[in-house]
Amino acid sequence: MEQFEVTLAGFGGQGIMTAGQLLAYSGMKAGKKVVWLPSYGPEMRGGTAYCTVVISDQNIGSPVINNPYCICVFNRPSFDKFEPRVKPNGILIVNSSLINVSSQRKDITQLLIPANDIALKAGNVKTANIIILGALIGASKVLDLKIVKEIVKEKMSKKKELLDLNLKVLKQGYDLAIEELSQKEKV
């Protein structure tokens with residue numbers, strides 16, 4: 001694997017940092033070199049929040065990535081800010097529950113994942129970040145889903161009722177991304 005770079009972006013309180021940390025811990029568990037770099041807007045909850053995760057087999061020169069291979073956007077302001085930054089041939093994962101536009105770029109793969117709708121249907125809107133994390137793993141194959149599940153169990157086991165739900169929606173996001181990609185390949 002060469003260096004894999006992803007930015008996750010949304011409002012504070014959407015679990016952006018948690019999803020980024022879970023991805024970073026998963027990369028470490030897989031024996032990779034990892035950097036997790038958070039960035040908060042001035043308002044914290046409700047303000048913009050984003051983080052960058054870099055996963056690599058090699059030493060990582062800089063945690064600052066301007067054009068990541070993959071970007072996951074959770075809200076419209078993040079879409080507007082980060083969509084142009086996806087590296088050509090990269091992946092844009094859009095929380096289509098909250099973002100009513102899509103990219104017009106032809107040089108990227110875009111996945112529209114209705115994360116909030118799936119989370120509400122599953123019983124807890126706070127799991128939308130885990131759905132997007134699952135979609136990221138399914139779309140990029142950067143890490144094995146099994147490792148990510150282990151990290152979710154390890155880091156989120158304090159609330160047993162939420163753990164089972166998080167594991168369920170992680171798999172739903174993963175499966176949805178794979179299904180979306182296979183549909184795109186048929187076209």
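General observations
- Residue match in the stretch 77-95 (condition: acidic (Asp, Glu), within 20 Å of THR48 (Cα to Cα) and outside any loop (DSSP other than H, G, I, E, B)): yes
- Taken together, the criteria exclude THR127 from residues that are closer than 22 Å to SER56 by Cβ and not aromatic (Phe, Trp, Tyr).
- Output for the stretch 120-155, where each listed residue is free of Cβ contacts under 8 Å to residues at least 40 places away in the same chain and more than 15 Å from ASP175 (Cα to Cα): LEU120, LYS121, VAL125, LYS153
- Filtering the stretch 98-111 to residues that are farther than 18 Å from ALA19 by Cα, of a type outside the set (D, E, K, R) and either in contact (Cβ under 8 Å) with a residue 12 or more places away in the chain or crowded, with 18+ Cβ neighbours inside 10 Å (or both) leaves ILE99, ASN100, VAL101, SER103, ILE108, THR109, GLN110.
- Selection of the stretch 49-69 for residues being in a strand (DSSP E or B), polar (S, T, N, Q) and either out of contact with any Phe, Trp or Tyr (no Cβ under 8 Å at 6 or more places or on another chain) or closer than 16 Å to MET17 by Cβ (or both) yields only THR52.
- Being farther than 17 Å from ILE132 by Cα, surrounded by fewer than 18 Cβ atoms within 10 Å (Cβ to Cβ) and either touching a residue at least 60 places away in the same chain (Cβ under 8 Å) or over 15 Å from the mean Cα position of the chain (by Cα) (or both) is a property that PRO63 has.
- Set ILE118, ILE65, ILE99, ILE93: member being aliphatic (A, V, I, L, M), at pLDDT 95 or above and closer than 21 Å to LEU143 by Cα: ILE93
The values are calculated or read from the model by the stated rules, or taken from the named source; none is laboratory data. None of the values given here were measured: they were computed from a predicted structure. So basically every Cβ, Gly included, is an ideal-geometry build from the backbone, and we count neighbours across all protein chains shown.
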